[in-house]
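Derivation of every value follows stated rules applied to the coordinates shown; laboratory data play no part. Quick caveat, the model's predicted, so the values are computed rather than measured. No Cβ is skipped: glycine too gets one built from the backbone with ideal geometry, and neighbour counts run over all protein chains shown.
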Amino acid sequence: MANLVVITGPMAVGKMTVAEELKNRIGYNLMVNHDSIEVSDKIFGFATPSQKEFNQLIRKEAFKTSIKYNESMIFTVVTDFSDKNEFKYLNKLRRQFEKSGGKFYFIELFASTEERLKRNVTEERLQKKKSKQDIEWSNKNLVEGDTKYKLNTDPDEYWFKNHLKINNEKLSPKGVVDIVLKEFKLKLENKEVEKKNKMY
């Protein structure tokens, strides 16, 4: 069985760094939202109909493959909580993994716009996300996104049973993952041990 951990929150809140820390701690595969975005942008151009379709195809096949080979996954994504289609999409993923016997975990991060603007220009972020290297555009896009979309839930709003909200304004990625592991009791998946067992 394969589990799916979704990490969401507004732009530059720290989804990628938290996801990488979680991956290191529990051994799950990781698909950052920009993995499929960067590939589809490179081939079809930014925000074109073909890019958007190919971006979704990449993600769809990644989830299918995760379930097929019983390999748990971490997925980071920006969610517009005012869009009913966003809930339908995430709920479809939940059902998909739960139907296969796995579990679905939803982690929501939040921090102030000021703090996220600082994180938006860190060296690691700019190296791993080429589309963010136009800093003027990226900062403008971040601020506009905060006003155009609902990127965090209301305080008493929960979309799923396993929905954990964490203010990581002053928390390190390790601190966030400590909270996640304590709440969800996720266990290490040792793929190397599994591979050796299959060989004998």
_Protection-proxy order for peptides 105-116, 154-165, 11-22, each taking the mean of Cβ atoms within 10 Å per residue, highest first_ = 11-22, 105-116, 154-165
*asked:* Show me the helices of the chain, taken as full DSSP H stretches, that run 15 Å or more along their long axis by Cα and average -1.0 or above in Kyte-Doolittle hydropathy.
replied: 15-26, 33-44, 173-184
*What is the extension gain from Lys42 to Asn85, computed as 0.36 nm multiplied by their sequence separation minus the C-alpha to C-alpha distance, in nm to one decimal?*
12.9 nm
*Mind checking the full-extension length gain between Ile58 and Lys99? Use 0.36 nm per residue of separation minus the Cα-Cα distance, one decimal, nm.*
12.7 nm
*Quick one: of Lys92/Lys150; Lys118/Lys150; Lys68/Lys140; Lys150/Lys182; Lys60/Lys161; Lys92/Lys118, which pairs are farther than 31 Å apart, Cα to Cα?*
Lys68/Lys140; Lys92/Lys118
*Could you check how many percent of all C-alpha pairs in the range 4-199 are farther apart than 22 Å?*
49 percent
*Among Ile43, Ile166, rank each residue by its count of other Cβ atoms within 10 Å, from fewest to most, as a rough exposure measure.*
Ile43, Ile166
*Calculate the dipole size of the chain relative to its Cα centre from +1 charges on Lys and Arg beta carbons and -1 charges on Asp and Glu beta carbons; express the result in debye to the nearest 20.*
840 debye
*Treating only the Cβ atoms of Lys and Arg (+1) and Asp and Glu (-1) as charged, compute the dipole magnitude of the range 1-92 about its Cα centre; round to the nearest 20 debye.*
280 debye
*Any idea which of Ala62, Asn120, Met31 is furthest toward the positive side of the dipole for the chain, if Lys and Arg beta-carbons carry +1 and Asp and Glu beta-carbons -1?*
Ala62
